[in-house]
Structure formats: C-alpha cells, structure tokens
Amino acid sequence: MNTLSYGLLSLLTKNSRSGYELMQHIQPFWSAKHSQIYPLLAQLEQKGHVAFVHVPQSDKPDKKVYSITEQGKQALRGWIAEPTDEPVTRDELALKVYCIGLVDKEQARKMLAVREVYYKKKKERFNLLMDKLQQGSDKPLDQLEIEDDAFGMYVLVHKATMKVDTDLYWCEWMKEKLK
C-alpha cells in the first residue's frame with residue numbers, strides 16, 4: 001500500500017466519510033485528487049481494510065460512506081511503527097527567492113506582501129481550528145494526552161501554527177532586508 005492509502009485509513013479512524021469528504025480532509029496533509037482516492041478506496045475495500053454503506057440521496061446518485069475495519073486498523077498500526085520518509089518540500093516562493101536579485105526591490109516586496117497575507121489568513125484558520133477543538137474538548141488542549149480523541153489534531157494544528165509563525169517572522173526579516 002502507498003502512503004496515501006494509509007492516509008485515507010488514518011482519516012477514517014476518527015469518522016466515517018465519503019470519498020469526497022476524504023478528498024477534502026486529506027488536503028492539509030497530502031495533495032490528492034479524486035482520481036487517486038476512489039481507486040485506492042476500492043483497493044482498500046478489496047483488502048478488507050475498509051467497508052462502506054450506501055447512503056441514498058434524493059437529488060444525486062447514492063454515495064458510499066467508508067469506515068475503517070479492524071483489519072484496516074491493524075494495517076495502520078503496522079505502518080505507524082515503520083520508519084517515516086523524509087518530508088517533501090515544494091515551495092515555489094523559495095525558488096523565486098533564490099534568484100530574487102533579478103527583480104527590483106519593489107517587485108520583491110510585492111511578492112513578499114502577497115505571501116505574508118497568505119500566512120496571516122492561514123494563521124487565522126488555525127486559530128479557528130484551535131477554538132473549535134477547545135469547544136469539543138472537556139479539558140484544556142495543552143492537557144490532552146495521546147489517548148484523547150483530539151490529541152492528534154491538536155498537536156498537528158499546533159505544529160502548523162508554529163510553522164506559520166516562523167514563516168511570518170521570516171517575512172518580517174525579509175522586509176528588513178529589502179529596505
């Protein structure tokens with residue numbers, strides 16, 4: 001199985017979801033299209049890692065809502081124990097900054113300002129996610145433990161917030177360099 005297959009199983013540990021919902025929820029972790037997800041779901045179903053129920057819809061064809069099986073959880077446990085690949089970074093801005101000396105400072109500042117707005121909006125979304133997590137938790141988020149349902153999401157949103165804070169700090173630093 002590939003990493004995306006395990007990612008789909010991971011998302012199903014919290015809730016049953018349709019293929020479309022899985023596609024939406026995997027995006028923060030992994031860039032995937034429906035053309036990848038639906039064949040993988042069929043393979044996971046054939047292997048007994050997921051099961052689905054048909055949900056009738058009045059104005060559309062019935063949808064399949066997938067759930068992870070015990071066999072799928074076992075496969076996921078094995079995958080979690082395996083060494084993790086190095087993260088893949090693909091950042092167009094980094095390539096542009098590498099050769100930024102080809103443009104004037106004003107163009108560079110504009111490019112940087114656009115990215116800074118992006119990071120600020122991203123931070124707002126993370127703050128809203130943290131608020132939502134706190135509302136659904138019976139204890140303060142910083143007191144969650146690994147067994148708590150919200151723990152995984154909390155630590156990932158916290159990591160993402162720390163990363164965007166670093167990115168914003170870098171933007172401020174770059175603005176000083178472009179004066």
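So, Ser5, is that one open to solvent by 60 Å² or more (accessible area, probe 1.4 Å), of a type in the set (Ser, Thr, Tyr) and out of contact with any Lys or Arg (no Cβ under 6 Å at 6 or more places or on another chain) or not? Here the answer is no, as Ser5 does not meet what is asked. In the range 89-104, the residue that is farthest from Ala42 (Cα to Cα) out of those that are open to solvent by less than 100 Å² (accessible area, probe 1.4 Å) and assigned to a helix (DSSP H, G or I) is Gly101. If you go through the range 38-88 and keep only what is at pLDDT below 95, open to solvent by less than 80 Å² (accessible area, probe 1.4 Å) and not in a loop (DSSP other than H, G, I, E, B), you end up with Val55, Lys63.
Checked against the criteria, Ala160 does not count as free of Cβ contacts under 8 Å to residues at least 24 places away in the same chain and among the aliphatic types (A, V, I, L, M). Where residues in the range 8-31 are among the hydrophobic types (A, V, I, L, M, F, W, C) and either surrounded by fewer than 17 Cβ atoms within 10 Å (Cβ to Cβ) or within 13 Å of the chain's Cα centre (by Cα) (or both), which of them is farthest from Gln46 (Cα to Cα)? My answer is Phe29. Restricting attention to the range 133-179 and to residues that are aromatic (Phe, Trp, Tyr) and open to solvent by 60 Å² or more (accessible area, probe 1.4 Å), the residue that is farthest from Val103 (Cα to Cα) turns out to be Tyr169. Taking into account only those residues within the range 129-150 that are over 15 Å from the mean Cα position of the chain (by Cα) and in a helix (DSSP H, G or I), which is nearest to Leu12 (Cα to Cα)? Among residues in the range 129-150 that are over 15 Å from the mean Cα position of the chain (by Cα) and in a helix (DSSP H, G or I), the one nearest to Leu12 (Cα to Cα) is Leu133.
The values are calculated or read from the model by the stated rules, or taken from the named source; none is laboratory data. Model, not experiment: these values are computed from the prediction. Cβ atoms come from the backbone with ideal geometry, glycine included; neighbour counts cover every protein chain shown. These accessible areas exclude ligands, DNA and RNA; they are computed on the full protein's heavy atoms, side chains included. Shrake-Rupley method; radii C 1.70, N 1.55, O 1.52, S 1.80 Å.
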